[in-house]
Amino acid sequence: MKKNAWLLLVFSLLGSFNARSAENKTRNIILITIDGLRWQEVFRGADEAFMNKEKNSGGVPAGDLVALKADFLGVTAQERRKKLMPFFWGTLVPGGQAFGNRDYGSASSVLNTERISYPGYNELLTGAPDPLITSNAPVPNRNVTVLEWLNGRPEFKGRVAAAAAWNVFAPIINVGRSRLPLFVTGQHSAPGSVSPRIAELERWMDDIPPISNTENFDAFVYHAAVDRIDTHQPRVFLIALGEPDEWAHAHRYDRYLQSIRRCDRFIRQLWEKIQAIPQYRDSTTMVLTPDHGRGVTLEDWNGHGKKIPRSEETWLAVYGPDTPALGERQEGVAEVHQAQVAATVAALLGEDFRAAFPAAAAPVSAVLRAGSEK
Ligand SMILES: [Zn+2]
C-alpha cells in the first residue's frame, strides 16, 4: 500500500472511532451508598487521633488498639487510605474519578440542611433536597426517585432493584408506590416468593442480634446483592450499605474502620463478579457516595446533623466505561452535590432525568463521555 492509502485508512478508522465514542457504553448502573462514611477516612485513611480508648474505642483492650494501629496506620495519607480501601484506591479511582478531597481543593456536599440519612438519600435519589423531609421517620416518600423513574421507562421496566441495610429504605424508595424489589433488614417473605438463598438470609437475620433496631449487618446486603445479580441481573441496582454509620454512632472507631474495609471488599467482589457476566462486562458503571458527612472533632466525629459542623461534607466516586480516568480530582474542579447523583445515574444510561424533573440538579458532567450530557 502507498503512503497515501495508509493515511486514508488511518483517517477513516479515526472517523468511525469518533462517531462511536459519542455513544455511552454504560448499560447498567450499580449505585452503592455507604452510610455516614466520612471523606476524611476515604481520602486520608485512618486517623490516629480517633484511636483513643477513652472516647472512641470503648471496650477495646489495649493490645487490640496496638493491633488496630498496625493494621490501619501509615506514614502518608496515600498509604493509610490504601490500607483502608484497597480496591477503591487500587482500581476504582485510578480508572475513574473521585470528588471530595478538601485537602486538595475538591469539595462534595449535601444541599439539604438536615445532614441526616433520609434527607440525604432523598436528595441523591430524587435530585433535590426536600425541605419537608426533616427526620428519618419512615414516611413514604412523596418524591419520585431516579430508580422508580427508570423502572417506568420501557427499556428498564422490571430491571431496577435495591438492597439495603437500613429498613427505612422501604419508605425512601416508596415501595408501596414504586413496586421496586427491595431486600431489606428484617424482611419476612412469603414462603416460595423468594430464592432459597434469600429465605436463608431472612432466617439468619432473625437468628442473630441486629446492629440496631432498624438495621442489620452489611454482609446480609452483600449476599442479597449477589443473589439478585445471579437470579435477576438488574440493570439498575442500588446497594445501600450501612455499618460505618452505626459503628460511628456507637463510638467504635475500630469497628468503623473494619466495616469500611469490608465495604471495600464487598465492592471488589461485586465488581469482579459482574465482570464475569456478559450483560455487565465493560458496560457497567459504579457510582459510590455516602448520604452525609460527620463531625471532625474527638467530641463530635461520631455524630452528624444540623448541629454538627461540617457534617454536610461528603464525597463521590464514579468508575465505568464512559467516565474519563482523571483519578482523584483536585484544585480547579467544581464542587459536586449529592443532588447531582440522580441525573448523573440517568445520563450515564443515556436518559434525561431533568426532562421529567426540571428541579433536579444537573449531572456531574466531568464523569460523562463528552457530548452525552443531558
Ligand atoms: Zn447516622
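Test G158 against the criterion of being at pLDDT 95 or above, surrounded by 13 or more Cβ atoms within 10 Å (Cβ to Cβ) and on the phi > 0 side of the Ramachandran plot, and give yes or no. It is false that G158 is at pLDDT 95 or above, surrounded by 13 or more Cβ atoms within 10 Å (Cβ to Cβ) and on the phi > 0 side of the Ramachandran plot.
For the stretch 98-132, filtering for residues that are away from the ligand (no atom under 16 Å from the Cβ), crowded, with 19+ Cβ neighbours inside 10 Å and not in a loop (DSSP other than H, G, I, E, B) leaves 6.
For the structure I just gave you, tell me whether A137 is over 12 Å from F169 (Cα atoms) and touching a residue at least 12 places away in the same chain (Cβ under 8 Å). Here the answer is no, as A137 does not meet what is asked. When residues in the stretch 82-106 are screened for being within 18 Å of E313 (Cα to Cα) and either polar (S, T, N, Q) or touching a helix residue (DSSP H, G or I) at 6+ places or on another chain (Cβ under 9 Å) (or both), 9 of them pass. Taking the numbered list (1) basic (K, R); (2) within 16 Å of the ligand (Cβ to nearest atom); (3) at pLDDT 95 or above; (4) not in a loop (DSSP other than H, G, I, E, B) in turn, R265 passes all entries but (2).
This table checks each residue for (1) touching a residue at least 24 places away in the same chain (Cβ under 8 Å); (2) part of a strand (DSSP E or B); (3) crowded, with 20+ Cβ neighbours inside 10 Å.
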{"site": "K307", "(1), (2), (3)": "no, no, no"}
{"site": "S311", "(1), (2), (3)": "yes, no, yes"}
{"site": "V318", "(1), (2), (3)": "yes, yes, yes"}
{"site": "P321", "(1), (2), (3)": "yes, no, no"}
{"site": "V345", "(1), (2), (3)": "yes, no, yes"}
{"site": "A360", "(1), (2), (3)": "yes, no, yes"}
{"site": "A366", "(1), (2), (3)": "yes, no, no"}
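Under the condition of being in contact with a Leu (Cβ under 8 Å, 6 or more places away or on another chain) and of a type in the set (F, W, Y), the residues counted in the stretch 192-251 number 3. Mind listing just one residue for me: the one in the stretch 38-54 that is in a helix (DSSP H, G or I) and not aliphatic (A, V, I, L, M) and, of those, surrounded by the fewest Cβ atoms within 10 Å (Cβ to Cβ)? Taking the candidates together, the pick is E48. Say we look at the stretch 20-37 and pick out the residues that are in a loop (DSSP other than H, G, I, E, B) and not hydrophobic (A, V, I, L, M, F, W, C); which of these is surrounded by the fewest Cβ atoms within 10 Å (Cβ to Cβ)? Filtering first and then ranking leaves E23. Can you confirm whether the stretch 238-247 contains a residue that is over 28 Å from G350 (Cα atoms) and in a loop (DSSP other than H, G, I, E, B)? Yes - at least one qualifying residue is present in the stretch 238-247. None of L348, L368, L316 is closer than 22 Å to A248 by Cβ, in contact with a Ser or Thr (Cβ under 9 Å, 6 or more places away or on another chain) and away from the ligand (no atom under 16 Å from the Cβ) except L316. Annotation: of all residues in the stretch 273-298 being within 16 Å of the ligand (Cβ to nearest atom) and either more than 20 Å from L348 (Cα to Cα) or free of Cβ contacts under 8 Å to residues at least 40 places away in the same chain (or both), the one that is surrounded by the fewest Cβ atoms within 10 Å (Cβ to Cβ) is V296.
The values are calculated or read from the model by the stated rules, or taken from the named source; none is laboratory data. If you're wondering where the values come from, they're calculated on a predicted model, not measured in any experiment. So basically every Cβ, Gly included, is an ideal-geometry build from the backbone, and we count neighbours across all protein chains shown.
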